[in-house]
Structures are given as structure tokens and as C-alpha cells.
Amino acid sequence: MEKGSFSGRRSELEEEFFRKRDAELLQALREQTASKKKKEALACAAGIDDEELLDQLIELEVCGETAAALSLIPLIVVAWADGNIDDKERNAILTAAESQGVEKDEPGHDMLERWLTQKPEAKLLNVWKNYVGALLPSLTPEAKDALKTDLLGRARSVAQAAGGILGFGNKISKSEQAALDDLERVFG
């Protein structure tokens, strides 16, 4: 009798093991499919197909729904260049976000709020530079110039938003100017 119950218990344990293993494999497949869909949506929204770059963006929690916030990274970098973001810089960035279609109560706006509250890692700027580097070859010279002018103009507006003393003097700090110069080098 004991031998039979041991055999039955062994069979139960084997079945349980394989059920758990099947569930794990199914979960891994679901995650892989979700990751692939997420990457496809980001590729479509961001206009790039570089797998490594897409992985870097996903690691930074950028997805198809938050891709519009990518255009605001230079503004964030310039605003944080002197170590903090003041209310005027914050308002300038939020105004730029609204004009870029980054609406309140959307994931892109939530991401932006996080960047405004806590200084992003330097990796964010590096990934943005890689993103622009991947995007530029697909643009006409006119489109490149327009992108550069628009982006640097918006970043400069953020830098000027809080600068100067009582509205006089140079409104762009040395650290903000260094950030602007760094952004300009991305365009060659």
C-alpha cells in the first residue's frame, strides 16, 4: 500500500512541476510578445528602427505613448544645467510640452513631470543624442535645419526664462550655455 501511495504522490508532484513549468513558459511568452509589441509601437511613434536604440529607450521607460516627450529632453537638460529648475523654467517647459501635444493626464506628461521633479540620469541625454543621430539621416537638409532651429530655440527659451538679475544682464548661465552648445553639436 505504501508503495502505491508513494507512486501516486510522485505522479502528483511531477504533474505539479510540469503545470508550474508550463505556466512559467506561458508567462515568458506573454512577456516576450508584450515586449515585442511595445518595441513596435515605440519604433512607429519615434520613427526609428534601430533595435539597440529602441531597447535603450525602453530601458528608460519610453514607450509609444511617451515618445512625444523625447522632444522635451533637451529642454529638461538645459533647465537642470545649473542644478535646479525654477518655476519660470518649469512653466516654459510645460508650455513647450503642450505645444508638442504632450497633454496632462497622459503617460508622456507623467514622464515629463518626473523629469521636472527629479533630475534624470545623464544616460537620458546620451540616449536622446543617439535617437537624434539615428533620425537625422532620414531627414532632408531643410528638415534637419528646421528641427535644429526649433529645438535649440525652445531650449534657449527655457535657459532665458529664469536668468539675469532683476531682468537685466545675461539671462543664460554658463552651465546652461554649455548645455546648449552640447545640444548643438548633436546636429553636426
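The values are calculated or read from the model by the stated rules, or taken from the named source; none is laboratory data. Quick caveat: nothing in here was measured; it's all calculated off a predicted structure. Ideal geometry is used to build each Cβ from the backbone, glycine not excepted, and the neighbour counts take in all protein chains shown.
Taking segment 104-120 as the region of interest, how many residues are part of a loop (DSSP other than H, G, I, E, B) and either in contact with a helix residue (DSSP H, G or I) (Cβ under 6 Å, 6 or more places away or on another chain) or under 16 Å from Val78 (Cβ atoms) (or both)?
First pass over segment 104-120, keeping only residues part of a loop (DSSP other than H, G, I, E, B): 104-106, 118-120.
The next check asks that each one be either in contact with a helix residue (DSSP H, G or I) (Cβ under 6 Å, 6 or more places away or on another chain) or under 16 Å from Val78 (Cβ atoms) (or both); those that pass are 119-120.
Residues that pass the stated criteria total 2.
Kindly indicate whether any position in segment 17-34 is within 23 Å of Gly108 (Cβ to Cβ) and either modelled with pLDDT of 85 or more or exposed (fewer than 14 other Cβ atoms within 10 Å of the Cβ) (or both). Don't jump to the end; show me each part of the working.
At the first step, the residues of segment 17-34 found to be within 23 Å of Gly108 (Cβ to Cβ) are 34.
Still in the running and either modelled with pLDDT of 85 or more or exposed (fewer than 14 other Cβ atoms within 10 Å of the Cβ) (or both): 34.
Yes, because at least one residue in segment 17-34 is within 23 Å of Gly108 (Cβ to Cβ) and either modelled with pLDDT of 85 or more or exposed (fewer than 14 other Cβ atoms within 10 Å of the Cβ) (or both).
So how many residues does segment 66-105 have that are in contact with an Asp or Glu (Cβ under 7 Å, 6 or more places away or on another chain) and farther than 15 Å from Arg156 by Cα? Lay out the reasoning, then the answer.
Step one: of segment 66-105, the residues in contact with an Asp or Glu (Cβ under 7 Å, 6 or more places away or on another chain) are 78-79, 81-82.
From what's left, farther than 15 Å from Arg156 by Cα: none.
Summing the residues that are in contact with an Asp or Glu (Cβ under 7 Å, 6 or more places away or on another chain) and farther than 15 Å from Arg156 by Cα in segment 66-105 gives 0.
What's the number of the only condition in (1) in contact (Cβ under 8 Å) with a residue 60 or more places away in the chain; (2) under 19 Å from Ala162 (Cα atoms) that Leu60 fails to meet?
That leaves (2) as the condition not met.
Quick check on segment 122-129. Is at least one of its residues among the charged types (D, E, K, R), assigned to a helix (DSSP H, G or I), modelled with pLDDT of 90 or more and surrounded by 12 or more Cβ atoms within 10 Å (Cβ to Cβ)? So that I can check it myself, show each step before the final result.
Step one: of segment 122-129, the residues among the charged types (D, E, K, R) are 123, 129.
If we keep only those that are assigned to a helix (DSSP H, G or I) as well, we get 123, 129.
Then keep just the ones that are modelled with pLDDT of 90 or more; that gives 123, 129.
Keeping just the survivors that are surrounded by 12 or more Cβ atoms within 10 Å (Cβ to Cβ) gives 129.
Yes, that holds for at least one residue.
If I filter segment 74-121 down to residues being surrounded by fewer than 20 Cβ atoms within 10 Å (Cβ to Cβ) and β-branched (Val, Ile, Thr), which single residue comes out as farthest from Lys174 (Cα to Cα)?
Checked segment 74-121; the qualifying residue farthest from Lys174 (Cα to Cα) is Thr95.
Out of (1) among the hydrophobic types (A, V, I, L, M, F, W, C); (2) at pLDDT 80 or above; (3) surrounded by fewer than 10 Cβ atoms within 10 Å (Cβ to Cβ), the odd one out for Met1 is which?
(2)
Yes/no per residue for (1) over 22 Å from Val186 (Cβ atoms); (2) free of Cβ contacts under 8 Å to residues at least 24 places away in the same chain:
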{"site": "Lys36", "(1), (2)": "yes, yes"}
{"site": "Leu42", "(1), (2)": "no, no"}
{"site": "Asp50", "(1), (2)": "no, no"}
{"site": "Ile76", "(1), (2)": "no, no"}
{"site": "Trp80", "(1), (2)": "no, no"}
{"site": "Lys88", "(1), (2)": "yes, no"}
{"site": "Ala97", "(1), (2)": "no, no"}
{"site": "Glu103", "(1), (2)": "yes, yes"}
{"site": "Glu113", "(1), (2)": "yes, yes"}
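Here's the yes/no breakdown for (1) within 26 Å of Gln56 (Cα to Cα); (2) assigned to a loop (DSSP other than H, G, I, E, B); (3) charged (D, E, K, R); (4) under 16 Å from the mean Cα position of the chain (by Cα):
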{"residue": "Leu75", "(1), (2), (3), (4)": "yes, no, no, yes"}
{"residue": "Gly83", "(1), (2), (3), (4)": "yes, yes, no, no"}
{"residue": "Glu89", "(1), (2), (3), (4)": "no, no, yes, no"}
{"residue": "Gly153", "(1), (2), (3), (4)": "no, no, no, no"}
{"residue": "Gln160", "(1), (2), (3), (4)": "no, no, no, no"}
{"residue": "Asp181", "(1), (2), (3), (4)": "yes, no, yes, no"}
{"residue": "Glu184", "(1), (2), (3), (4)": "yes, no, yes, no"}
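Could you say whether any residue in segment 38-52 is surrounded by 10 or more Cβ atoms within 10 Å (Cβ to Cβ), among the hydrophobic types (A, V, I, L, M, F, W, C), modelled with pLDDT of 85 or more and closer than 19 Å to Ala161 by Cα?
No, segment 38-52 has no match at all.
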